[in-house]
Amino acid sequence: MIDPSHPFDAIFIVPILNLLVFFYTIFLAIKLPGAFGFAIIALTVLVRLILHPLFQKQLHTAKKMQELKPHLDRLSTKHKQDPKTLQQQQLKLYQEAGINPASGCVFLIIQIPIFIALYRALQFFLTGENMKLAITSFNKMLYFPFLKIASIDPQFFGFNLALTPAQAGQWYYYLIPVITGFLQYYQVAVSVPKQQEGLVKKDESQKSTTGEDFQKAMNTQMKYIFPILIGWFSFQFPVGLSLYWNIFSIFSIMQYKNMHK
């Protein structure tokens, strides 16, 4: 249950509900088929525009890290027996380059409450026979009277955005987690440069450092395990969430490819 008096709900969930209904109302007014799905897409685009500066910061940090990698490798080799000195030298190098490696995580972290808020919003449409009660509660959280709705049609090109693929039981719903997992895999593939994947061939006598091994393991998990997890989640979560996630991924792929050009 959404509680507008709760700080998290008031800051994230209620505004997202209002934006979702605002776009839905506009698309209904122009008689756009699949208005609810396009409302989710419009919300995704708006969130993406708001987060664009953070994403640009992430791209800048990733590019700088790529440029610094040869220097970091030399430091790892030079101070592999002295982890404390290695860490100090790495921090010094980051400061000289004017970057904070942790800043790249902000873009991902800030998406979490937005994703949770959208999931909670879509829960309103999973109430079945209590839909009327849900809509009544829903309308109480809207900022303006003209946004109040009598019902919501979650159909979008043959898909019920409020259902999960597991609930739907139709074969074409099973395509959703496959597409979602593939887009996540492709996003990671275009975002991680080859040299960061540890694909640069080494002489057989040259041993990998602990840091390099850890980086390789992390890259492998991000490229293969994370897409599988996202695909599994999209099988269990409403299709509307997958729509949001996939549109977001497409934007990221386009921007990563543009950066590498």
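Values in this text are rule-based calculations from the coordinates and carry no lab data. Worth saying up front: this structure is predicted, and the values here are computed from it rather than measured. Counting neighbours? That spans all protein chains shown, and the Cβs are built from the backbone with ideal geometry, glycine included.
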Label-to-label distance, nm, for residues given as ALA168 and PHE146 (7 Å Cα→Cβ offset):
3.4
How far apart, in nm, are two points set 7 Å out from the Cα along the Cα-to-Cβ line at TYR119 and at ILE50?
1.9
Given a Förster distance of 45 angstrom, what is the FRET efficiency for MET254 paired with ARG74, based on the Cβ-Cβ distance and rounded to 0.05?
0.85
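Computed FRET efficiency, Cβ-Cβ of HIS6 and ILE179, R0 45 Å: what is it to the nearest 0.05?
Details: r = 34 Å, r/R0 = 0.76.
Efficiency for this residue pair is about 0.85.
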